[in-house]
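Below is one structure, written out as structure tokens; the observations come after it.
Every read-out reported here was derived from the displayed coordinates using simple, explicitly stated rules and does not represent laboratory data. It should be emphasised that the depicted structure is a prediction, and the values quoted were computed from it without experimental measurement. All Cβ positions, even for glycine, are placed from backbone atoms using ideal geometry, and neighbour counts span all protein chains on display.
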Amino acid sequence: MRAVAALAVVLDHSSYAFLPEFRQEVMPQFNIGRYGIMLFFLVSGYIVPASLERRGCVRSFWIGRVFRMYPLWAAAVTAMLALNLLGVAELRAGLGRQSLTTVAVAHVTLLQELLGTPSLLLVLWTLSYEMAFYLLVVALFTVRLHRRSAAIAVTLAVLAAVSAAVGGTLPVSALSGAVGTGPLVALTTIALVLAICGASSATPALRVAGGVLGGVAALVLVAFNGTVAMWEGLVILAVMFLGTAVHRAENGGSGRRRMAGTAAVVVACAVGGAYWYGDGAHSTRRGWILAFLMAALTFGAGLAARHRRVPRPLTALGTISYSVYLVHPVLLTVTDGTVGRWRYDVPALEAAFVAVLLPLCALTYRYVEVPGQAWGRRLARRVQPGSRGGGQPMW
């Protein structure tokens, strides 16, 4: 499913350059990018909380996440900055109006898109919502409510629908507009450090306080300072917790009927939210709704076929999907500065782009992702409960 999601996002972004006619015809009916992103979020919800519960240690969980995400993130951001210095790429609009320190600190937290700071790479916006989800998952784990994922998904979905129904009057990045981006970045960074250190503590009171602080901060940022409307930010969180509920149902944590009911509520609220909120363009709503429904159906089909043999090229692409997701906008920047963007479809250039992208991603996976994950596993073993010289259990 990660492979399918990655290809969808690549097609969405590369179609601007090489398939503009295809894009103009398809996107109003089916938002390919949102399809891939929602599928990614479902898979993250299915996998990430299970990783924390399997480890049983917040410290090792955060170590695993840091070494999973940051090495390739750093490589992609560095490549983009180098291209900017060489005159090949221009940084996104809005970055120049903020201080270098604010932009850098916001990006290091991975929450930049929820802190009023445009992402250096457009695709990094989804990592901000992933990070918010991690903070919420840790918060629930520290207060022992992590098994309530179905109820949490329903609650978030209903709140999203209500937000959409009342009009979603708050502008994007509302908190940044009220208190200023710089102060918000500083306050959030301090809160994030305190939250992660506290939740990783061996002291029960600090553990709970840190977890709750991180969870509250994440929820406030998603609801009141996202770059998507409040209803869609809440839908994103609901979708990830739906993935968690599905995993829990499959492993005997809750009934399948309850899981099906949760899925029905989340889907209904998401579709209703998109319909009620709208943006003045019926085709845009239709494209988002169809993309969301297809992502849910793809996830369901993947679960139904999980015990069947999967074609090796698809599993290989799934393995390097994170590289595909972060590297393709960097490569697109290079092609924009060389072959440019076309006014008509050129399928050969699209195929050539993918043919260059996939081997490049195989290299970044092999020489950036794999070493980073290996370092993370070694460090996590040292702090894992019961390991020699390691950390303390959660309780």
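Below are the figures for this structure:
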quantity: Cβ-Cβ FRET estimate between Val228 and Leu187, R0 fixed at 22 Å, reported to 0.05; calculated: 0.50
quantity: Dipole magnitude of the chain, debye to nearest 20 (Cβ charges: Lys/Arg +1, Asp/Glu -1, about Cα centre); calculated: 1720 debye
quantity: Of Ile190, Ile152, Ile37, the one that fluctuates the most in a GNM where the chain has Cα springs shorter than 10 Å; calculated: Ile190
quantity: Convex hull per residue volume in Å³, alpha carbons only, for the stretch 195-303; calculated: 127 Å³
quantity: Exposed trypsin sites (Lys or Arg not before Pro) absent - longest run of the chain, DSSP non-H/G/I/E/B, at most 12 other C-beta within 10 Å; calculated: 145-305
quantity: Over the stretch 2-383, relative contact order from alpha-carbon pairs under 8 Å, at least 6 apart, %; calculated: 33 percent
quantity: FRET efficiency estimate (nearest 0.05) - Cβ-Cβ, Leu303 to Leu100, R0 56 angstrom; calculated: 0.80
quantity: Sorted by Cβ density within 10 Å, fewest first, the residues Met131, Met38, Met294; calculated: Met294, Met131, Met38
quantity: Principal axis box of the chain, alpha-carbon based, largest edge first, Å; calculated: 61, 52, 45
quantity: Pair Trp342, Asn84: separation of 7 Å Cα→Cβ label points (nm); calculated: 3.0 nm
quantity: In sequence order, calculated HN-Hα J values of the stretch 225-230 (Karplus, 6.51, -1.76, 1.60; Hz; x Gly/Pro); calculated: 9, x, 8, 9, 4, 3
quantity: Potential lengthening between Glu25 and Ala205 on full extension [0.36 nm per residue; Cα-Cα distance subtracted]; calculated: 59.2 nm
quantity: Computed [θ] at 222 nm, deg cm²/dmol, the chain (DSSP H ≥ 4; -39,500 (n - 2.57); rounded to nearest 500); calculated: -24500 deg cm²/dmol
